[in-house]
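The values are calculated or read from the model by the stated rules, or taken from the named source; none is laboratory data. Bear in mind the structure is a predicted one, so any value in this text is a computation, not a measurement. Cβ atoms come from the backbone with ideal geometry, glycine included; neighbour counts cover every protein chain shown. Heavy atoms of the whole protein, side chains included, go into the accessibility calculation; ligands, DNA and RNA do not. Shrake-Rupley method; radii C 1.70, N 1.55, O 1.52, S 1.80 Å.
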Amino acid sequence: MNQTLHHPAPVRERTILMLQGHPSPFWGQLSDGLNADGHRVIKIHLCLADFIYWGRRPATSYRGFYKNWRSWIGDLLQRECVTDVLYYADRLPYHADTLDAARALGVACHAIEFGYLRPDWLTIEPGAMGALSSFPKDPAVIRAIAAETDDPDMVTRYPHSFPTEAFHEVTFSLLQAFGRPIYPFYNSDKVYWPLIDYGSWLVELAMSGKMARDAGRVQTAAASGAFEYNLIAMQLQADYQIRASSKYDHLSEFIEEVFASFAKEAPPDRQIVVKLHPLDNGLERWFTCIPRIASQTGIGDRVHVIKGGNLSVLLQHSNGVVLVNSTVAIHAMRAGIPVIAKGGAIFDIPGLAHQGSLDQFWVAPEPVDATLFSAFERALTTIQVKGSFYNPDGRTAAITELRRRFAV
C-alpha cells in the first residue's frame, strides 16, 4: 500500500516558512490550506513577483543585500522556531543558503518542483533535487520501498495550455525585473535578461513552422529505419539541473564530449539526432553551434539537429539516449531504451542507466531492468504527488495531498 499517511487533522502544529514559490496561484493556495489545518505560515518576499502573486496574505519582505541573507535567514529560523521550509527552485541562491542554515539548526526543508514523473506529477523532496537528492541509489532499497507502495496513476488527468504556462512565466519574470525600485538588491540569478529572453521567442515563433517540418522529415526517416541513430535530449542552459547539478559550465561542453566519443567509438553507419528542448529560446544558437562542433569532430554528415518531433517515436526507434540529467530518461526507461546520464541524476542507478563509459555505450549499452524500473517508479511516488501547478483541479489534488503529508 502507498506509504502516504492520511489524517483528518494535524497531530501537531508546524511553523512553516515559505520562500519563493512556483509562478502560479499554487503557492498562495497551498498556504491557505496549511493555515486551515492549524499550521503557522510565514512568508518572505524576495521580489515584486513574490509580493504580487501572494496577494493580501500576511508576509515579510527582505530588501537587504544578498550577501547578508545567510545570517538574516538563520536568525529568523531560530527566532520564529521554524519547523519546515518550503521553496521552489532549490538552487536559487537564497534557497540554497537557507538549506545550509536550516540543516545546521535541524530544520526540515522541502523542495516542491515539477515531478520526476510527468505529466501530472509534482515533486516534494527533502532538501534538494537532482545531484543533491537523498533518494536511494541502492536497487535493493528501492525494491523494498516499492513493495510497500502502490503503482502510480500515469493517466493524464490535469492538462494545461501552453499560453497559461507562458503567461505566468513571463509575468513572474517581468515583475522580478521591473520591481527593482521596491526590491533593489534582489539577486534573480537569471542567465538571460527577461526582455532579451522573451524577445527571442518572436524569432522562434516565426521559425516554428519550418522547424516543425524539418523535425518531421528527420523523424519520418528515423522511424522508417533509413538510418540507425542515438538520441541526444538537450536541456535548457538556464536550468539549475545544468548549472548546479552537472559538471558542465555550458551545454556545448557536453556536446563536445559526446561527439568526440561518438566519432571515435560509434559504428560508422550510426547517426545522431539532437532534439532541442521545446522551451529553448534560441539564444544559444544550437542550430549553428552543434553542426560546427560536429564538423570539427569529423561527423558533420551524421548529425541531425531538430526542434520538435514526437519524443515517444524518436525514443522508440533509437539505439539509446544520451543526456545530462533530463527526465526524458524516465520516458526512455519506461520504453526499455538504454540511457546514459552525464550529470547528477536521481535515475542514474545500476540496472536502470548505463554505468560504463560513454565509449562503451555506443556499442554495448547496458539494458534497462524492467522489474527494477517498475519498482523505481513506484518508490518514486513517495516523493511525488499527483497534480499540477497550472490546472485548477490539479492544484486542488496536489495541495490536498501535500496537506495530508504535513499532517504528521
Practice task
Only one of these is on the phi > 0 side of the Ramachandran plot and out of contact with any Pro (no Cβ under 8 Å at 6 or more places or on another chain): GLY387, GLY394. Name it.
Solution key: GLY387
Practice task
Taking SER312 as meeting all but one of (1) over 20 Å from the mean Cα position of the chain (by Cα); (2) free of Cβ contacts under 8 Å to residues at least 24 places away in the same chain, write down the number of the exception.
Solution key: (1)
Handout entry: Count of residues meeting criterion [assigned to a loop (DSSP other than H, G, I, E, B) and in contact with a strand residue (DSSP E or B) (Cβ under 6 Å, 6 or more places away or on another chain)] in region 208-233
Key = 1
Exercise for the section: Test VAL203 against the stated conditions and say whether it is more than 25 Å from PHE114 (Cα to Cα) and in contact (Cβ under 8 Å) with a residue 40 or more places away in the chain. Expected result: yes
Fill in the blank from the handout: Residues in region 209-228 that are touching a Gly at 6+ places or on another chain (Cβ under 9 Å) and either open to solvent by 80 Å² or more (accessible area, probe 1.4 Å) or among the β-branched types (Val, Ile, Thr) (or both) total 2
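Residues checked against (1) open to solvent by 40 Å² or more (accessible area, probe 1.4 Å); (2) in contact with a helix residue (DSSP H, G or I) (Cβ under 6 Å, 6 or more places away or on another chain):
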residue: LEU174; (1), (2): yes, yes
residue: GLY179; (1), (2): no, yes
residue: VAL191; (1), (2): yes, no
residue: ILE196; (1), (2): yes, no
residue: MET207; (1), (2): yes, no
residue: ASN230; (1), (2): no, no
residue: MET234; (1), (2): no, no
residue: GLN237; (1), (2): no, yes
residue: HIS250; (1), (2): yes, no
Exercise for the section: Could you list, in sequence order, all residues of region 343-356 that are without any contact (Cβ under 8 Å) to a residue 60 or more places away in the chain and open to solvent by 50 Å² or more (accessible area, probe 1.4 Å)? Expected result: GLN355
Handout entry: Members of region 330-342 found to be open to solvent by less than 10 Å² (accessible area, probe 1.4 Å) and either within 16 Å of ALA379 (Cβ to Cβ) or part of a loop (DSSP other than H, G, I, E, B) (or both), listed by number
Key = ILE330, MET333
Fill in the blank from the handout: Here the residues within region 48-72 that are open to solvent by 40 Å² or more (accessible area, probe 1.4 Å), in a helix (DSSP H, G or I) and within 19 Å of ALA96 (Cβ to Cβ) are TYR66, LYS67, ASN68, ARG70, SER71, TRP72
